[in-house]
Amino acid sequence: MPISLSPPAPVMSPVHRGEATHCPYCALQCGMYVSGGLAETSDGSLTITPREDVPANAGALCQKGWTAAELLTGGDRLTTPLARESRSGPLVPVSWDDALDRVAAAIGGIQAEHGRDAVAVFGGGGLTNEKAYQLGKFARVALRTSQIDYNGRFCMSSAAAATGRAFGMDRGLPFPITDIAAADVVMMVGGNVAETMPPFLRHLRNTLIVVDPRETRTARKAALHLRPAPGTDLALALGLLHIAITEGHADQDYVDSRTTGFEAVRASVATWWPERAERITGVPVARMREAVHLLGSARTAMILTGRGAEQHAKGVDTVTAFINLALALGLPGRPGSGYGCVTGQGNGQGGREHGQKADQLPGYRKIDDPAARAHVAGVWGIDPAELPGPGRSAYELLEALGTPGGPRALLVFGSNPVVSAPHAGHITGRLAALDLLVVSDFVLSETAAMADVVLPTTQWAEEHGTMTNLEGRVLLRRQAVAPPSGVRSDLAILSGLAARLGRDKGFSDDPGTVFDELRRASAGGVADYSGITYERIAAETGVFWPAPSEDHPGTPRPFLDRFATPDGRARFTPVDHGPVAEEVDEAYPYYLTTGRILAHYQSGAQTRRVPALNEAAPETFVELHPDLAERLRVTSGDMLRVSSRRGATEAAARVGTAIRHDTVFMPFHWEGVNRLTNPALDPVSRMPEFKVCAVRVERCDAGPPSDRRAGVPERGLGV
């Protein structure tokens with residue numbers, strides 16, 4: 001399918017430009033107007049029009065953005081709470097009071113019997129800043145549990161840990177996205193922006209180097225494509241740094257004046273001669289040298305990483321290795337140059353800044369820092385001793401559900417772990433073992449279909465709230481349409497539950513009130529929002545954090561003069577390559593790597609319900625090289641069974657040369673794919689190794705399985 005930044009035909013002419021808001025999907029947070037509805041059109045239809053004033057998209061949208069209004073009018077929208085009379089009974093409609101009373105009573109009983117940490121919360125990187133903040137506060141103040149984390153742990157956590165260690169601050173792009181166009185050369189490592197966020201291509205007007213095992217749509221636009229074996233990006237980065245140092249591309253003046261730790265890194269890569277890196281990665285030495293020459297001789301250059309480099313059990317070290325390369329070349333903190341991480345989820349940046357992560361408090365404060373605890377507790381009006389300590393990371397939290405000593409109840413907001421978690425079959429079993437599963441969602445996702453109580457919530461264009469996009473720009477997502485009768489916002493849900501749990505104050509359902517409190521809680525932190533107001537965001541089309549006062553201009557480029565470390569210098573850190581957590585062998589002879597495709601987003605709970613997107617990509621597939629297809633006697637369209645040590649799934653073959661001969665690729669937007677993936681965790685970030693595992697691939701001669709259709713499980717549904 002060609003990449004489209006233009007509207008699909010036909011497009012209804014809007015009655016007027018509409019309400020200015022932002023897309024519900026990726027971290028670009030493209031600006032758009034939403035107009036129409038029953039107040040303006042006879043059939044209630046809505047129209048999307050792109051905004052020109054938002055730099056991230058500047059008038060462009062992808063297919064997902066153009067069709068986003070269909071999410072608001074879909075026929076399977078939930079508009080009343082659902083609950084089960086028994087765990088094996090069907091979900092049936094109940095009143096809001098009944099639903100919230102049930103949840104609060106069950107929480108009280110579980111905590112009385114098993115302790116406060118017996119109730120857990122799982123959030124999402126698509127929640128607004130207000131929701132993410134309130135969810136973290138709800139867990140720690142209303143539930144007083146340490147057991148909270150979110151699906152952003154599966155997104156940017158490795159890059160966050162690496163950039164925090166190197167620069168003293170984690171901000172995806174520490175420069176405006178428009179700066180990318182000023183770079184003469186850009187290296188994109190493990191990112192496929194042509195499919196995941198097509199308007200990003202407007203900023204890639206450079207000599208492009210792509211590092212990816214697949215020939216993706218982005219790689220086809222590159223001047224140079226390096227194709228390492230899955231899980232060997234770290235070895236490649238070490239080889240590139242060895243070449244940069246030994247062949248005179250290191251910027252010694254920059255290294256001396258703006259960094260520390262270079263000599264230890266120089267010594268650590270001395271044995272990573274390019275021939276060694278070639279043996280491990282499969283990337284020819286000549287291509288490595290060409291990449292280093294392009295970066296090292298450019299007037300301005302950038303290195304950007306995505307999930308392909310980060311979703312590994314050594315993801316932090318992999319990102320660190322590419323940061324080391326960027327520092328050696330003198331890139332970070334220079335106009336038109338630098339290192340950045342291409343954030344994935346819509347609020348992947350803001351979602352982790354204000355308290356959803358197990359170890360953090362608002363403002364990107366550490367939960368075990370006494371000063372941070374005192375500040376936030378003061379804003380919340382509680383004793384710092386009441387705040388729990390750090391909890392389990394996302395996968396460890398999910399894995400502990402229903403086990404002795406683990407949580408007995410889980411509240412899920414903005415996530416679909418049945419589809420998105422690694423080793424998903426195991427996690428589905430853990431969800432089934434709970435005494436209570438509560439899901440807040442606007443559709444009956446695969447996870448909601450398992451719940452004891454489902455709470456129907458408002459969507460992106462039905463409420464106000466702020467989002468922080470991939471460049472650290474805080475944006476205002478305005479309400480554009482009225483929500484359906486019967487649904488409530490997540491803020492209202494949390495307020496209602498908190499009141500029933502004895503906290504009838506401090507949990508407003510008004511996003512403006514919550515944001516003002518967030519500003520106070522973040523004041524003085526790394527991610528300081530205290531100078532950002534709704535009025536400023538509207539007037540300035542977003543404000544870059546940190547912004548410590550209302551007269552502060554915001555900080556679009558935080559590293560120009562100094563880094564956010566105590567001495568103002570960036571940190572080199574020695575790292576070394578190691579094998580993937582699960583090597584191929586005779587039983588499982590091929591690598592599996594997963595990723596996203598153009599038509600869908602994350603677990604597909606939204607996009608699989610948009611007819612045009614579902615028609616474009618109705619089901620997952622197995623991409624394999626012609627040599628492998630010949631060995632397996634497979635042609636495109638044949639059904640294949642892909643098995644790992646954790647589970648199996650079936651999908652149609654798609655044969656082509658975009659993939660390596662030793663690797664298969666599957667998009668993860670459908671239930672089943674993540675049954676295969678490996679939950680081995682990075683020791684620092686606790687990121688699972690989504691991007692590589694060992695699999696067996698076989699013909700499925702029995703024909704297509706009956707449950708290949710995208711959708712939700714049918715067991716136990718009364719609606």
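Quick look at the values:
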item	result
Where only alpha carbons of region 426-474 are counted, the Rg and the Dmax (Å)	15.0, 41
Viscosity 1.002 mPa s, 20 °C: Kirkwood-radius Stokes-Einstein D of region 142-196 over Cα pairs, µm²/s	150 µm²/s
Dipole-positive endmost among Gln147, Tyr133, Ala120 within region 111-152 (Cβ charges, Cα centre)	Tyr133
Rg and Dmax [Cα atoms of region 288-419; Å; Rg one decimal, Dmax integer]	19.8, 58
Potential extension, Ala432-Thr657 segment - 0.36 nm per residue separation minus Cα distance	76.9 nm
Equivalent ellipsoid, region 468-523 (semi-axes from 5 times Cα gyration tensor eigenvalues, Å)	23, 19, 8
Mean projected area in nm² (Cα convex hull; one quarter of hull surface) for region 560-615	9.3 nm²
Estimated FRET transfer efficiency when R0 is 35 angstrom, pair Thr513-Ala112 (beta carbons, to 0.05)	0.65
Accessible surface of region 443-597, 1.4 Å probe, proportion on carbon and sulfur as whole %	48 percent
Packing rank of 113-120, 246-253, where each peptide gets the mean count of other beta carbons within 10 Å, highest leading	113-120, 246-253
Burial ranking of peptide ranges 151-163, 204-216 (average Cβ count within 10 Å, highest at the top)	151-163, 204-216
Overall dimensions of region 188-327 as given by Cα atoms, namely Rg and Dmax in Å	14.5, 41
Relative compactness, the chain, computed as alpha-carbon Rg over 2.2 N^0.38 Å	0.91
Charge dipole of region 166-291 about the Cα centre (unit charges at C-beta), most positive-ward option of Leu241, Gly190, Trp272	Gly190
Given charges at beta-carbon only (K, R positive; D, E negative), |dipole| of the chain in Debye	520 debye
Student exercise, region 443-536 dipole from Lys, Arg, Asp, Glu Cβ charges, in Debye to nearest 20	180 debye
Anisotropy class of region 498-571 from Cα gyration tensor, a/c 1.5 cut	oblate
Extension gain from Val92 to Thr271, taking 0.36 nm per residue of separation minus the Cα-Cα distance	58.0 nm
Net +/- balance of residues flanking Val634 in space, Cβ distance below 12 Å, scoring K and R +1, D and E -1	-1
Relative contact order for region 438-479, counting Cα pairs under 8 Å that sit 6 or more residues apart, in percent	31 percent
Accessible surface, per residue, of the chain when the full set of protein chains is kept, probe 1.4 Å, Å²	33 Å²
Average Cα contact separation per residue, the chain, under 8 Å, 6 or more apart, as relative contact order %	19 percent
D_trans [Stokes-Einstein, Kirkwood Rh over alpha-carbon pairs] for region 122-238, 25 °C, 0.890 mPa s, µm² s⁻¹	146 µm²/s
Percentage relative contact order, region 537-624, counting C-alpha pairs under 8 Å, at least six apart	10 percent
Dipole magnitude of region 268-344, debye to nearest 20 (Cβ charges: Lys/Arg +1, Asp/Glu -1, about Cα centre)	100 debye
Descending semi-axes in whole angstrom, ellipsoid equivalent of region 170-245, from the Cα gyration tensor	21, 16, 12
When the convex hull of its Cα atoms is projected in every direction, mean area for region 379-452 (nm²)	6.3 nm²
Count, lysine Cα pairs under 18 Å in the chain, 8 or more residues apart or across chains	7
Environment charge at His354 (Cβ cut-off 10 Å; Lys +1, Arg +1, Asp -1, Glu -1)	+3
For His375, net neighbour charge (Lys/Arg +1, Asp/Glu -1) across residues whose Cβ lies under 11 Å away	+2
For the chain, calculated [θ]222 nm from helices alone, where every DSSP H run of n ≥ 4 adds -39500 (n - 2.57)	-7500 deg cm²/dmol
Shape category assigned to region 67-142 from the gyration tensor of Cα positions, a/c cut at 1.5	oblate
Accessible area of region 24-114 belonging to carbon and sulfur atoms, whole % at 1.4 Å probe	53 percent
Distance (nanometres) between label positions extended 7 Å along Cα→Cβ at Asp567 and Asp253	2.2 nm
Descending semi-axes in whole angstrom, ellipsoid equivalent of region 601-655, from the Cα gyration tensor	25, 15, 8
Pairwise centroid distance, computed over Cα atoms, of region 366-419 with region 429-461, Å	19 Å
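The values are calculated or read from the model by the stated rules, or taken from the named source; none is laboratory data. Values in this document were obtained by computation on a predicted structure and should not be read as measured data. Glycine also receives a Cβ, built like all others from the backbone with ideal geometry; neighbour counts cover every protein chain displayed. The accessibility values were calculated without ligands, DNA or RNA, using every heavy atom of the protein model including side chains. Shrake-Rupley method; radii C 1.70, N 1.55, O 1.52, S 1.80 Å.
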